[in-house]
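Heads up, the thing below is written out as structure tokens.
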Amino acid sequence: MRGPPRHYADLSDVQNCLEIPGEVSKDAADKLLYSWQNSSTKLGSMQSQAELFSAQGDYSFVILPDTQYTVQYYPLVWRAMVQWILDHIESHNITAVLGLGDVTDTGAESAYIEGASGWQSFMDAGLVCVPVIGNHDYYTKLNHDVTVGGCEYGGIGSTCLSRWDTYFGESFFAGKSWYGACQGSSTQNYYVNYSIGSHNYIFLALCWLPQTADLEWAAAVIAANPSKEIIVLTHYYLDDVGTRKTDIWNALCNPYDNVMIIGGHIGEYWYRRDLNANRKFVDQFLFDYQNYDDPNIGAGNGGYIVLMNGELTTNKKTVTAYSVHEDTYILHRVMS
């Protein structure tokens with residue numbers, strides 16, 4: 001932790017993320033309630049698997065943030081991550097795998113083949129799959145870090161999306177009843193449906209640095225589904241000090257009462273909860289562990305995944321990061 005949560009008196013005695021209450025009082029805040037960030041200390045090393053997973057939720061989502069280094073440079077770590085998920089589907093009640101972008105590092109064909117093989121394994125195991133495009137996935141022979149309007153964003157008629165749509169286009173979802181629709185002909189923006197018990201979700205994949213047309217499309221999906229819980233998955237939303245992308249907030253979070261948003265891209269962890277225009281809370285996450293490394297391998301290769309466990313009766317969610325390679329846990333958050 002880099003200090004306790006801020007701006008809220010009843011959290012002033014919190015010393016670490018394990019002590020943060022699952023829900024703060026809802027009757028006192030007009031603005032930001034709290035934000036916090038964990039330090040590079042792996043708090044989870046103090047927790048055993050039995051302690052963290054003794055009370056499983058009724059279902060779990062696995063979140064895969066920024067797999068670019070493991071997929072492209074350390075595929076054995078990536079394959080271990082894939083296998084761990086497959087081996088724990090039943091014990092951890094895993095029902096869906098959600099991406100946060102940067103499946104690859106340079107958009108290389110070999111990296112796409114490696115990454116898509118893992119995602120296809122999840123699909124073959126019957127899991128709902130939501131790969132998300134990141135800036136490193138827009139293919140260009142020149143440089144993947146170019147400005148908006150260049151290959152990094154892509155666009156209609158651009159070759160920059162050709163590899164993404166070859167490996168993760170609509171054909172990837174062929175025959176899946178839970179697949180919803182994409183914007184236009186590319187799955188850089190798309191959504192899927194997911195239901196468990198009485199809970200109905202939409203997982204909405206939003207492209208890197210969405211433009212006005214992208215946000216209008218996403219907003220229309222949200223507006224058409226007011227009774228469903230919307231989880232927006234996008235590569236970049238919160239930065240390394242917890243500042244949000246205001247265009248995404250204004251278009252998708254501020255007007256609607258049923259949205260949670262999760263991003264990656266920045267090598268940090270952040271959580272913030274804000275009141276929107278309707279005085280409803282919006283949970284916002286950043287997960288990216290590419291700066292959490294195994295010293296015996298290299299930067300970004302701890303093989304971290306995130307487990308979001310949910311309970312059907314209470315709708316409580318527990319968020320835990322786990323390094324498949326290092327066998328290290330970080331209990332980030334319990335939410336009600």
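Taken together, the values in this text are just the output of simple stated rules run on the coordinates, not laboratory data. None of these values were measured; they are calculated from a predicted model. Neighbour counts are summed over all protein chains in view; Cβ atoms, including those assigned to glycine, are modelled from backbone coordinates with ideal geometry.
Amide H to amide H distances under 5 Å link residue 283 with 261, where only residues 5 or more positions off or on other chains count and H is placed in the peptide plane. What's the center-to-center distance, using Cα atoms, between region 255-269 and region 305-325 in Å? Spelled out, the Cα-based centre of one part sits 16 Å from the other. Each peptide in 99-110, 273-284 gets a packing score, the mean of other Cβ atoms within 10 Å over its residues, and the list from highest to lowest is 99-110, 273-284.
Each Cα pair under 8 Å and six or more residues apart adds its separation to the average, and for region 190-278 the resulting relative contact order is 27 percent. Of the cross-linked pairs 176/316; 228/316; 245/316; 176/228; 176/317, those separated by over 21 Å at the C-alpha level are 176/316; 245/316; 176/317. Normalised by the number of residues in region 56-335, the mean separation of alpha-carbon contacts (under 8 Å, six or more apart) gives a relative contact order of 18 percent.
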